[in-house]
Amino acid sequence: MRKKLTSLLAGAALAALSATQVFAEDLVIFWAEWDPANFLQELVNEYEAETGVSVTVETTPWSDFQTKAFTEFNARGSAYDMIVGDSQWLGAASEGGHYVDLTEFFNEHKLGEVMAPATVKYYAEYPGNSGKFWAVPAEGDAVGWSYRKDWFEDPKEMAAFKAKYGYDLAPPKTWKELTDIAEFFHRPDENRYGIAIYTDNSYDAMVMGVENAIFSYGAELGNFETYEVEGYINSDASVAALENYKKLYSFTPPGWAKTFFVENNQAITENLAAMSMNYFAFFPALLNEATNPNAKNTGFFANPAGPTGAQHAALGGQGISIVSYSKNQEESMKFLEWFIKDETQKRWAELGGYTASAKVLESEEFRKATPYNEAFYQTMFKVKDFWAVPEFAELLTAANQRLYPYIVGNEGTAKETLDALAGDWKKTFKKYGRTK
Amino acid sequence: MTAKIYTRLDANSAAAAKGFSDLSIRNLFIIPTIAFLIIFNVFPLLYSLGYSFTDFRASTNAPANFVGLRNYRELLTDPFIWRNFTITAKYVIISVTGQVIVGFGLAMLLNREFPLKGLVTTLLLLPMMLSMAVVGLFWKLLYDPSFGIINYFLGLGKFEWLADPNVALYAIALTDIWMWSPFVMLLSLAGLSAVPKHLYEAAEIDRASSLYTFFRITLPLVAPILMIAIIFRTMEAFKTFDLAYILSSQPNAELIAIRLYKMAFLEWQTGMSSAFAYIVLIMVVAITNIYVKYLNKVKER
């Protein structure tokens, strides 16, 4: 009896030991709750099959992704080994010591050449041009547009459009054309509206929407090296861009005052708008007939050029970083080594992830794979981003507080709005000692 | 009646029957409660008071620097913060007034015998039993300009309840009134049923008008309990977060609790938001004190 008990105990101890062994190799990646996170889970399942190390992608809704991630960082928690963090977090997370410095890893694997240049600049490097890297570009993303092909290709509409504006109705090449088309299709009596844009001011949605206009108008948010903003964010080009964005707001469906990716895809699926702004990451849902009854009639185009011919788009997407408090840093490094391999990146793209790998992006195969991949490929080489300094959230709040009342509430002028915003940003940069 | 201080365990009490001594009651119940309060309430409160004088940011590893009253000065001179306070004051006034009128009105209607009174009262109480977040989500659908049922029934076409900057705050207040009027109703009903019937009989004999009866008998006698309802609702309305956060993102409807949340957990300005929380705390305490003073006066009458 006693022997039996001893062997039973030994067995239990062994089981417990091996259980902790397995547990130690488990890697947890934290990301927001959306389709790409599911694609990533599929991808990492293949890593487990190859190496035996299991990787779990843990998610939380977008609205509290930042709060939850930073709460864990602030508590120096080891719940997550890696995190697919927003590009704006780089400053806060690197200066706060939450991310592991990946500069050596980056140089060793020549990631500066492997990944598309814009993704390296915005997802990985902080401070700008410092040569210090904190993340591996994982999910490339930018703002693009979807449109109703059937509305655009209707001969009656085409004739009416040509008669009114003097040129052919086609996916817009410039912001002027975009605005014309929005105006043309805006028919509240028919329950049909011109355009769907971002207006949600609770985090970064509306600001990114406006950025698309500002960047394509050839304007900048500021000087990312000297932190000067006067003459950048409130330049004439910037003012004209904001005026245009506000004009677009007048062609949106009713109640379009707190809208982000969900509403903007609904604008297409529910036959509300002719064109809709959204991140490329949300376009797969528009091609799926189960989620979009108009899937066959949905087309895509890149953010159009501004009056000077400049053409840019607001950056979305994330890089993958190793959390400093993780107990599995070495194992995580090994995972990243696997993740950056060409074949992994190719597989990642096949599963629905938006790879940042330059080689995959440039391949014919990728560009022809979906109706929006070509637009995505073009866009990823001309993206620009918001400030990535640790105090980015304060800059974002100021932008929301100034832009929203002008765009949605009809208060003041574009010039007044942007002058005030420049003042707010100057104050913030001064407070944190970035300018004198 | 003067309060009697028990220094010894009452021999007839249930505790005595079970054999609890004063000492064991203190050790079992009072000390843990006080310890809990100190650890989870008093300590964080004092700790955050300390933070409110620093530039601490929880998102960085940088040490906190003492900045004196700078946070308070910056907050109190920030026009956006003042706008948040004005909006909140407006919201509290609209929403509490609405709840008192609707709730007290319902209580007056219910304060009589009629068939299925119990069922009707229970049904009327349902809104306040729902979760704030759920109420926010389905009122968002009800208000929707394209398919919302409210515009459909009122024939308002595409009226934008939540997207119109001038209407959003009223729309949120309306939802709050819908949700919390039953609470005022419940307390008022308790007050109304406690009014002695003979007073009404006397008034009837004197041929007092119904208005006179209401203002001279009903209202003064229900006032103390109604005041308690108002205190509770004011404090709650002052710190409304979930309902407003879900319903609208209009800057004209940004209540202080929402601004505070953003400052603390999106911007991670821990020092600044601690100072902000203290300003709010002082205001709530001051307002509650005014009410309590008034309540005591009403009781004395």
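Go through region B:246-256 and give me each residue that's touching a Ser or Thr at 6+ places or on another chain (Cβ under 6 Å) and either facing another protein chain (nearest Cβ under 9 Å) or free of Cβ contacts under 8 Å to residues at least 24 places away in the same chain (or both).
B:Ser249
For region A:311-347, the set of residues classified as out of contact with any Lys or Arg (no Cβ under 9 Å at 6 or more places or on another chain) and under 30 Å from A:Leu248 (Cα atoms) consists of A:Gly316, A:Gly317, A:Gln318, listed by residue number. Go through region A:352-384 and give me each residue that's part of a helix (DSSP H, G or I), in contact (Cβ under 8 Å) with a residue 12 or more places away in the chain and not hydroxyl-bearing (Ser, Thr, Tyr). If the condition is that a residue be part of a helix (DSSP H, G or I), in contact (Cβ under 8 Å) with a residue 12 or more places away in the chain and not hydroxyl-bearing (Ser, Thr, Tyr), then A:Ala358, A:Lys359, A:Val360, A:Leu361, A:Glu362, A:Phe366, A:Ala369, A:Ala375, A:Phe376, A:Gln378, A:Met380 are the ones that fit.
Within region B:58-93, the set of residues being of a type in the set (S, T, N, Q), under 30 Å from A:Glu72 (Cβ atoms) and either part of a loop (DSSP other than H, G, I, E, B) or within 10 Å of another protein chain (Cβ to nearest Cβ) (or both) comprises B:Ser59, B:Thr60, B:Asn61, B:Asn65.
Step by step: first the residues of region B:222-240, then only those that are of a type in the set (Val, Ile, Thr) and within 18 Å of B:Lys297 (Cα to Cα), then the one that is farthest from the other protein chains (Cβ to nearest Cβ). Which residue is that? Step through it out loud before you land on a result.
Of the residues in region B:222-240, the ones of a type in the set (Val, Ile, Thr) are B:222, B:225, B:228, B:230-231, B:234, B:240.
Cutting the leftovers down to within 18 Å of B:Lys297 (Cα to Cα) gives us B:222, B:225, B:228, B:230-231.
Working: B:Val222: 41, B:Ile225: 39, B:Ile228: 35, B:Ile230: 31, B:Ile231: 31 Å.
Per the criteria, the residue is B:Val222.
Yes or no: region A:100-108 includes at least one residue that is within 14 Å of chain B (Cβ to nearest Cβ), among the hydroxyl-bearing types (Ser, Thr, Tyr) and part of a helix (DSSP H, G or I). No, the conditions are met nowhere in region A:100-108.
Do the conditions hold for A:Ala182, that is, is it in contact with a Leu (Cβ under 9 Å, 6 or more places away or on another chain) and outside any strand (DSSP E or B)?
Values: in contact with a Leu (Cβ under 9 Å, 6 or more places away or on another chain): yes; outside any strand (DSSP E or B): yes.
Against the criterion (in contact with a Leu (Cβ under 9 Å, 6 or more places away or on another chain) and outside any strand (DSSP E or B)), A:Ala182 qualifies.
Helices (runs of 4 or more DSSP H) fully within region A:255-339 that include at least 1 residues being within 14 Å of chain B (Cβ to nearest Cβ): A:261-269. Within region B:202-216, count every residue that is under 19 Å from B:Glu300 (Cα atoms) and either loosely packed, with under 13 Cβ neighbours inside 10 Å or more than 30 Å from the chain's Cα centre (by Cα) (or both). Of the residues in region B:202-216, 1 are under 19 Å from B:Glu300 (Cα atoms) and either loosely packed, with under 13 Cβ neighbours inside 10 Å or more than 30 Å from the chain's Cα centre (by Cα) (or both).
If you take the residues of region A:170-196 that are among the small types (Gly, Ala, Ser) and in contact with a strand residue (DSSP E or B) (Cβ under 7 Å, 6 or more places away or on another chain), which of them is farthest from the other protein chains (Cβ to nearest Cβ)? Steps first, answer last, please.
Here is the first cut: in region A:170-196, the ones among the small types (Gly, Ala, Ser) are A:170, A:182, A:194, A:196.
Subsequent filtering for residues that are in contact with a strand residue (DSSP E or B) (Cβ under 7 Å, 6 or more places away or on another chain) retains A:182, A:194, A:196.
Working: A:Ala182: 18, A:Gly194: 15, A:Ala196: 13 Å.
My answer is A:Ala182.
A:Ala163 meets all of the listed conditions (1) at pLDDT 95 or above; (2) of a type in the set (Gly, Ala, Ser); (3) crowded, with 18+ Cβ neighbours inside 10 Å but one, namely (3).
The set of residues from region A:394-420 being under 23 Å from A:His312 (Cβ atoms) and either aliphatic (A, V, I, L, M) or not assigned by TED's automatic domain parsing to the domain that holds A:Asn303 (or both) comprises A:Leu395, A:Leu396, A:Ala398, A:Ala399, A:Leu403, A:Ile407, A:Ala414, A:Leu418.
Here's a check for you: in region A:197-206, which residue that is within 13 Å of another protein chain (Cβ to nearest Cβ) and not aromatic (Phe, Trp, Tyr) is farthest from A:Gly166 (Cα to Cα)?
Filtering first and then ranking leaves A:Ser202.
Quick check on region A:212-221. Is at least one of its residues under 16 Å from A:Arg402 (Cα atoms), surrounded by 19 or more Cβ atoms within 10 Å (Cβ to Cβ) and more than 14 Å from chain B (Cβ to nearest Cβ)? Quick ask: steps written out before the conclusion?
Step one: filter region A:212-221 for residues under 16 Å from A:Arg402 (Cα atoms), giving A:214, A:221.
In the following step, the residues that additionally are surrounded by 19 or more Cβ atoms within 10 Å (Cβ to Cβ) were identified as A:214, A:221.
From the residues that got through so far, the ones that are more than 14 Å from chain B (Cβ to nearest Cβ) too are A:214, A:221.
So far as region A:212-221 goes, yes, one or more of its residues are under 16 Å from A:Arg402 (Cα atoms), surrounded by 19 or more Cβ atoms within 10 Å (Cβ to Cβ) and more than 14 Å from chain B (Cβ to nearest Cβ).
The residue of region A:24-80 that is farthest from A:Ala393 (Cα to Cα), among those that are within 14 Å of another protein chain (Cβ to nearest Cβ) and either of a type in the set (Phe, Trp, Tyr) or touching a helix residue (DSSP H, G or I) at 6+ places or on another chain (Cβ under 7 Å) (or both), is A:Thr60.
Return the residue satisfying two criteria in turn: it lies in region B:259-272 and is in contact (Cβ under 8 Å) with a residue 40 or more places away in the chain and of a type outside the set (Lys, Arg), and of such residues it is farthest from the other protein chains (Cβ to nearest Cβ).
We begin by selecting, within region B:259-272, every residue in contact (Cβ under 8 Å) with a residue 40 or more places away in the chain; these are B:259, B:268-272.
Right, trim to of a type outside the set (Lys, Arg) and you get B:268-272.
On the way: B:Trp268: 6, B:Gln269: 7, B:Thr270: 9, B:Gly271: 12, B:Met272: 9 Å.
Within region B:259-272, the match that is farthest from the other protein chains (Cβ to nearest Cβ) is B:Gly271.
Can you find a residue in region A:378-386 that is among the polar types (S, T, N, Q), surrounded by fewer than 24 Cβ atoms within 10 Å (Cβ to Cβ) and in the same structural domain as A:Val239 (by TED's automatic domain parsing)? The answer is no; no qualifying residue exists.
So for region B:155-162 (the condition being farther than 26 Å from B:Phe214 by Cα, among the charged types (D, E, K, R), part of a loop (DSSP other than H, G, I, E, B) and in the same structural domain as B:Val222 (by TED's automatic domain parsing)), does at least one residue qualify? If you could, list the steps in order and put the result at the bottom.
So the first thing to find is which residues in region B:155-162 are farther than 26 Å from B:Phe214 by Cα, and the list is B:155-162.
Filter once more, so that each one left must be among the charged types (D, E, K, R): B:158, B:160.
So of that shortlist, the ones also part of a loop (DSSP other than H, G, I, E, B) come out as B:158, B:160.
Okay, now just the ones that are also in the same structural domain as B:Val222 (by TED's automatic domain parsing), so B:158, B:160.
Checking region B:155-162: at least one residue is farther than 26 Å from B:Phe214 by Cα, among the charged types (D, E, K, R), part of a loop (DSSP other than H, G, I, E, B) and in the same structural domain as B:Val222 (by TED's automatic domain parsing).
Considering only region A:68-83, I want to know if a residue exists there that is within 21 Å of A:Leu315 (Cα to Cα), in contact (Cβ under 8 Å) with a residue 60 or more places away in the chain, assigned by TED's automatic domain parsing to the domain that holds A:Val323 and not in a helix (DSSP H, G or I). Yes, region A:68-83 has at least one match. Run A:Gly352 past the list (1) in the same structural domain as A:Pro254 (by TED's automatic domain parsing); (2) within 20 Å of the chain's Cα centre (by Cα) and report the number of the one that doesn't hold. The single condition A:Gly352 does not satisfy is (1).
So in region A:84-99, with the set limited to residues that are of a type outside the set (Asp, Glu) and part of a helix (DSSP H, G or I), which one is farthest from the other protein chains (Cβ to nearest Cβ)?
First pass over region A:84-99, keeping only residues of a type outside the set (Asp, Glu): A:84-85, A:87-94, A:96-99.
If we keep only those that are part of a helix (DSSP H, G or I) too, we end up with A:89-94.
Values: A:Trp89: 9, A:Leu90: 13, A:Gly91: 10, A:Ala92: 5, A:Ala93: 8, A:Ser94: 10 Å.
This residue is A:Leu90.
In the set (1) surrounded by fewer than 19 Cβ atoms within 10 Å (Cβ to Cβ); (2) in contact (Cβ under 8 Å) with a residue 60 or more places away in the chain; (3) under 30 Å from A:Val114 (Cβ atoms), A:Phe335 fails one condition alone, (1). Within region B:20-31, none of the residues are under 28 Å from the mean Cα position of the chain (by Cα), of a type in the set (Lys, Arg) and either in a helix (DSSP H, G or I) or crowded, with 16+ Cβ neighbours inside 10 Å (or both). In the condition set (1) at pLDDT 95 or above; (2) under 20 Å from the mean Cα position of the chain (by Cα), A:Ala302 is compliant with all but (1).
Filter region A:385-427 for residues that are part of a loop (DSSP other than H, G, I, E, B), at the interface with chain B (Cβ under 10 Å from one of its Cβ atoms) and not hydrophobic (A, V, I, L, M, F, W, C); which is farthest from A:Ala240 (Cα to Cα)?
So the residue we want is A:Pro390.
Of all the listed residues (B:Leu219, B:Leu199, B:Leu186, B:Leu243), the sole one being more than 14 Å from every other protein chain (Cβ to nearest Cβ), out of contact with any Lys or Arg (no Cβ under 8 Å at 6 or more places or on another chain) and crowded, with 20+ Cβ neighbours inside 10 Å is B:Leu243.
The values are calculated or read from the model by the stated rules, or taken from the named source; none is laboratory data. None of the values given here were measured: they were computed from a predicted structure. Every residue, glycine among them, receives a Cβ derived from its backbone with ideal geometry; neighbour counts consider all protein chains shown.
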